[in-house]
Amino acid sequence: MTTGLRIFSLRTASLLLLVFLWWVGATLIHDPEILPGPLAVARDIAGILTSPGPEGESAWFDIGITLARIVVAFFAAMLAGIGLGLAMGLNRGFDRWMQAIIPALLTLPTILMVFLAVMWFGFSEGGGLVAVVVLVTPYVAVNIAEGARAMDKSLIDMAATFKAGRGLRLRRIYLPQLLPYIFSAFRYAFGMTWKIVALAETFGLKFGIGYMFSFWFNQFDMGRVLAWIILFVVLMLILEHGVFARLEASVFRWRAPAAAGRV
Amino acid sequence: MPSDQAIVRDVRAPATPAAVITVEKLTKRFPSPGGLAPFVVIEEMSVKVGDGEFVSIVGPSGCGKSTLLNVIAGIETYDSGTVTLSPKPGRGQTPPRVAYVFQTPRLLNWLTVRQNIEFVLEAQNIPRERWTGLVSEHLRLVGLAGQEDNYPLNLSGGMQQRVAIARALAIEPDILLMDEPFSHLDAITARKLRADLMAIMNRARPAILFVTHDLAEAVLLSDHIYMMETKPARIFKQVVVDIARPRSPEDERVFALERELMREFFSVLETKG
């Protein structure tokens, strides 16, 4: 626990240093329209959270709608990616066929795809979803396919010699070997998803954190833009470290040998 | 029937026990790339293991020993010949239960020791109410009582191999296949495990087919030894190890037989140039 504590205090110190540098910069520039200081932005954050937004909605409504968009798009892309990846990893012919398409999708610039989705779907919810699925699914599929190909043949043979049935093999051998790949795809896909959703909200969708970026940007209110950016970053960090990291640690307990067991 | 079983368990294996593994004229080829003649891994090999017998196959690396075990275990195909597996006499278990101990433990590292053993119990459809008893009994047998809830990566290599042995024995096999199970361990751990294996065999008595390149190990453990040469892979000699048990690695007769067999290996190698 002492190392955990040390890492925590180190991170706090580096964050404080960043805020200090920001304060120094803001003081030197001395123009709140270019770079407002940390205190002014903190006041803006408080204002955002306590008073109604430009459409009369609460800030929590914008945060909630962004979260909902992220979660829906994320699971859609994960499901599509895992299905596609398994098919690629287990079926050679299909894999060759996809090898022609996947690289093309991987090179598609994110912002271009968001523009395309907005042009096709206008201001409806489908645009963000389609952009995420098209952009994120190939990354997930490539990862899962790699996991399916990297399965340990010697364990599959072991299961065969003991005559383990299909369901038992799936549950005890295939799935546990895929989990690390699913998790790394999870993290990457999540990071991509929130960036794409924020972008889609900025350019095409109504409500949400990205919509707030563009609204206050158009008002030339640098303080509020920065305030929303900070809210957004904090929210994503909480999800990343509070949810994913904990889930991962509990699933991969077996990886950290407890010295007590060694004789 | 129960009385038969009691006799089989207590008395040393009779001169010609009923065969549990019968391999006759087995031939296995691997196709060569580019339309060349296929590579013959095993050529017309015949091996017999009787109930309760410990039979070793000794030969240089790459002579097809592991392939033979894989064919018997049913995870590799063969081209001609017959492989017949029967249950222990008086047990009536059909098809016979086959367990395999590999060179490396091949444990599922994401499962506890208990779950690793339960994996094969479930695979073999052994009733769930027997699991707890079978797991603790066989962990005790290999000296790992109390490690049920530990994860394999917390154990040393020798302990992991013990778990693999407990896993194999837990299904109460008719046939136990062992592929150089001690070759990846340090000399001291390997020696300890060999001694333990001899003690365990006195109790469980499955028919054991043991593959090794270590002659001393084969002499110490076996009732019969098949000696294999390579290119072509075939058995050139069959030896009955007529040394009373319990045996010790220090036993003069074990040394003497090992030296004698080693000489034979070299003479076979020399005639081939």
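Here is how the numbers come out for the structure above:
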quantity	calculated
Spherically averaged projected area of region A:1-126 from its Cα convex hull (nm²)	14.1 nm²
Structure-based [θ]222 nm, chain A - -39500 (n - 2.57) summed over DSSP H runs of at least 4, per residue, nearest 500	-25500 deg cm²/dmol
Region A:120-126 - phi-based ³J(HN,Hα) in whole Hz, Karplus 6.51/-1.76/1.60, Gly and Pro as x	6, 10, x, 9, 8, 5, x
Angle between chain B longest axis and helix B:157-170 axis [Cα atoms, degrees, rounded to 10]	80 degrees
Charge dipole (region A:105-263, unit charges on Cβ, about Cα centre) - positive-most of A:119, A:235, A:180	A:180
In nm, spacing of pseudo-spin labels at residue B:184 and residue A:188 (7 Å Cα→C-beta vector)	2.9 nm
Region B:64-88 residues near the modelled residue B:236 label - backbone nitrogen below 15 Å, point 7 Å along Cα→Cβ	B:64
Over region A:181-243, relative contact order from alpha-carbon pairs under 8 Å, at least 6 apart, %	20 percent
Pairwise FRET efficiency - residue B:84 versus residue B:29, Cβ, R0 = 22 Å, nearest 0.05	0.55
Cβ-placed point charges (K, R +1; D, E -1), dipole of chain A about Cα centre in debye, nearest 20	1640 debye
For chain A, projected area of the alpha-carbon convex hull averaged over all directions, nm²	19.5 nm²
Euclidean distance between Cα centres, region A:62-134 to region A:240-254, Å	25 Å
Ranked A:173, B:243, criterion: other C-beta atoms within 10 Å, fewest first	B:243, A:173
Computed [θ] at 222 nm, deg cm²/dmol, chain B (DSSP H ≥ 4; -39,500 (n - 2.57); rounded to nearest 500)	-11500 deg cm²/dmol
For q = 0.18, 0.20 Å⁻¹, Debye-computed log10 I/I(0) when each Cα of region B:36-105 counts as one equal scatterer	-0.87, -1.05
Gain on full stretching of the segment that runs from residue B:104 to residue B:191 - 0.36 nm per residue minus C-alpha separation	29.7 nm
Pairs beyond 23 Å (Cα-Cα), from A:163/B:231; A:163/B:25; B:237/B:272; B:48/B:192; B:25/B:237; B:192/B:231	A:163/B:231; A:163/B:25; B:48/B:192; B:192/B:231
Other protein chain Cβ atoms within 10 Å, averaged over every residue that makes up A:162-172	5
Between region B:48-88 and region A:13-35, the alpha-carbon center distance in angstrom	75 Å
Degrees separating the helix A:92-107 axis from the principal Cα axis of chain A, which is the longest one	10 degrees
Relative contact order (%) - chain B, alpha-carbon pairs under 8 angstrom, separation at least six	24 percent
Gain upon complete extension [residue A:116, residue A:72; 0.36 nm per residue less C-alpha separation]	13.8 nm
The protein assembly as shown - charge dipole about Cα centre, Lys and Arg +1 at Cβ, Asp and Glu -1, debye rounded to 20	620 debye
Chain A: relative contact order as a whole-number percent, Cα under 8 Å and 6+ apart	24 percent
For region B:251-265, Karplus couplings with θ = phi - 60° (6.51, -1.76, 1.60), whole Hz, Gly/Pro x	4, 4, 5, 5, 4, 4, 5, 4, 4, 4, 5, 4, 4, 5, 4
Förster-model FRET efficiency, 41 Å R0, residue B:264 and residue A:153, C-beta, rounded to 0.05	0.70
DSSP-defined antiparallel bridges as percent of all bridges, region B:143-255, nearest 5	55 percent
Region A:78-158: translational diffusion in µm²/s, Stokes-Einstein, Kirkwood Rh over Cα pairs, 4 °C, 1.567 mPa s	93 µm²/s
Degrees separating the helix A:209-218 axis from the principal Cα axis of chain A, which is the longest one	30 degrees
Gaussian network model of chain B, Cα within-10 Å springs - most flexible of B:224, B:138, B:184	B:184
Rounded FRET efficiency, nearest 0.05, which uses the C-beta distance separating residue B:130 from residue A:245 and R0 of 25 Å	0.05
C-alpha center-to-center spacing [region B:198-273, region B:125-197] in angstrom	24 Å
Point-to-point label distance, residue A:23-residue B:61, nm (Cα→Cβ direction, 7 Å offset)	6.6 nm
Residue among B:266, A:131, A:198 farthest towards the positive dipole end of the protein assembly as shown, charges placed on Cβ	B:266
Residue of B:90, B:59, B:34 that the Gaussian network model of chain B assigns the largest fluctuation, springs spanning Cα pairs under 10 Å	B:34
Shape of region B:126-262, Cα gyration tensor, a/c cut at 1.5	prolate
Of A:25, A:158, A:56, farthest towards positive along the dipole that unit charges on Lys, Arg, Asp, Glu beta carbons give chain A	A:158
Convex hull of Cα atoms in the protein assembly as shown, direction-averaged projection (nm²)	35.0 nm²
Scattering curve values for chain B, log₁₀ I(q)/I(0), Debye with Cα scatterers, q = 0.11 Å⁻¹	-0.65
Percentage of interatomic Cα-Cα distances in region B:216-273 larger than 17 Å	39 percent
Fraction of beta bridges assigned by DSSP in chain B that are antiparallel (%, nearest 5)	50 percent
Charged-residue dipole, Cβ positions (Lys, Arg, Asp, Glu), region A:1-64 about Cα centre, Debye nearest 20	540 debye
Phi-based couplings in Hz for region B:40-52 (Karplus 6.51, -1.76, 1.60; Gly and Pro marked x)	8, 7, 10, 10, 6, 8, 10, 9, 10, 10, x, 4, x
Highest-MSF residue in chain A out of A:17, A:178, A:108 [GNM, Cα springs under 10 Å]	A:17
Quotient of Cα Rg and 2.2 N^0.38 Å for region B:55-155, N being how many residues it contains	1.30
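Rule-based calculations on the coordinates, nothing more; no lab input. Fair warning: this is a prediction, and the values are worked out from it, not measured in the lab. Methodologically, a virtual Cβ is constructed for each residue, glycine included, from the backbone with ideal geometry; neighbour enumeration extends over all protein chains shown.
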